[in-house]
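Below is one structure, written out as structure tokens; the observations come after it.
The values are calculated or read from the model by the stated rules, or taken from the named source; none is laboratory data. Predicted, not measured: the structure shown is a model, and the values here were computed from it. Glycine also receives a Cβ, built like all others from the backbone with ideal geometry; neighbour counts cover every protein chain displayed.
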Amino acid sequence: MMMKIGELAKHTGCEVETIRYYEREGLIPTPPRTEGNYRRYSEQDAERLLFIRHCRSLGMSLDDIRTLQHFQARPELACDEINAMLDRHLDQTEQQIAALQRLQQQLQTLRSACHTQLSARHCGILQNLQSAASSSECVCHGERH
């Protein structure tokens, strides 16, 4: 079954511009065109696009996806490079989680600076943000900026 780009977009839940971008990046082969100059995509193109979307939903980079496509095209290769890539991705994810947990704690600390509804002049959150901007200590970081 052949599809135009709009049909492919609807079938895969991917924006038309994203499909074109993936083509430019070489993640999807340039499709043949009709006499009317419309792109014509196959079911294999749709599967490739869904694979890319799934990888992107896992936070994988375009380079990671290229690596995975390389191994898809050569199934006889050992997958140690794939394992190493995923291990690196897991490490990065753990670092991001730790950074987000620090940010959450900082925001909670900052939020605790104002418990009641006051005028902005007396708001502890605003005062702490202003102090940090003027190189004073702030409660959220517990140090000078």
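Is at least one residue of segment 40-56 touching a strand residue (DSSP E or B) at 6+ places or on another chain (Cβ under 6 Å), surrounded by 15 or more Cβ atoms within 10 Å (Cβ to Cβ) and at negative phi? Yes, because at least one residue in segment 40-56 is touching a strand residue (DSSP E or B) at 6+ places or on another chain (Cβ under 6 Å), surrounded by 15 or more Cβ atoms within 10 Å (Cβ to Cβ) and at negative phi.
Pairing residues of segment 47-76 that are closer than 16 Å to Asp87 by Cα with residues that are part of a loop (DSSP other than H, G, I, E, B) and modelled with pLDDT of 95 or more, at Cβ distances under 7 Å and at least 6 apart in sequence or on separate chains, gives Ile65/Leu27. Which of the residues spanning segment 1-39 are surrounded by 12 or more Cβ atoms within 10 Å (Cβ to Cβ), in a loop (DSSP other than H, G, I, E, B) and in contact (Cβ under 8 Å) with a residue 24 or more places away in the chain? If the condition is that a residue be surrounded by 12 or more Cβ atoms within 10 Å (Cβ to Cβ), in a loop (DSSP other than H, G, I, E, B) and in contact (Cβ under 8 Å) with a residue 24 or more places away in the chain, then Met2, Lys4, Cys14, Glu25, Leu27, Ile28, Tyr38 are the ones that fit. Put simply, of Arg111, Arg53, Arg88, Arg102 the only residue that is at pLDDT 85 or above and in the same structural domain as His11 (by TED's automatic domain parsing) is Arg53.
One residue is enough: does segment 106-126 have a residue meeting the conditions without any contact (Cβ under 8 Å) to a residue 24 or more places away in the chain, in contact with a His (Cβ under 6 Å, 6 or more places away or on another chain), surrounded by 10 or more Cβ atoms within 10 Å (Cβ to Cβ) and among the hydrophobic types (A, V, I, L, M, F, W, C)? So far as segment 106-126 goes, no, none of its residues is without any contact (Cβ under 8 Å) to a residue 24 or more places away in the chain, in contact with a His (Cβ under 6 Å, 6 or more places away or on another chain), surrounded by 10 or more Cβ atoms within 10 Å (Cβ to Cβ) and among the hydrophobic types (A, V, I, L, M, F, W, C). Is segment 62-74 home to any residue that is touching a Pro at 6+ places or on another chain (Cβ under 6 Å) and either surrounded by 15 or more Cβ atoms within 10 Å (Cβ to Cβ) or in the same structural domain as Thr93 (by TED's automatic domain parsing) (or both)? No.
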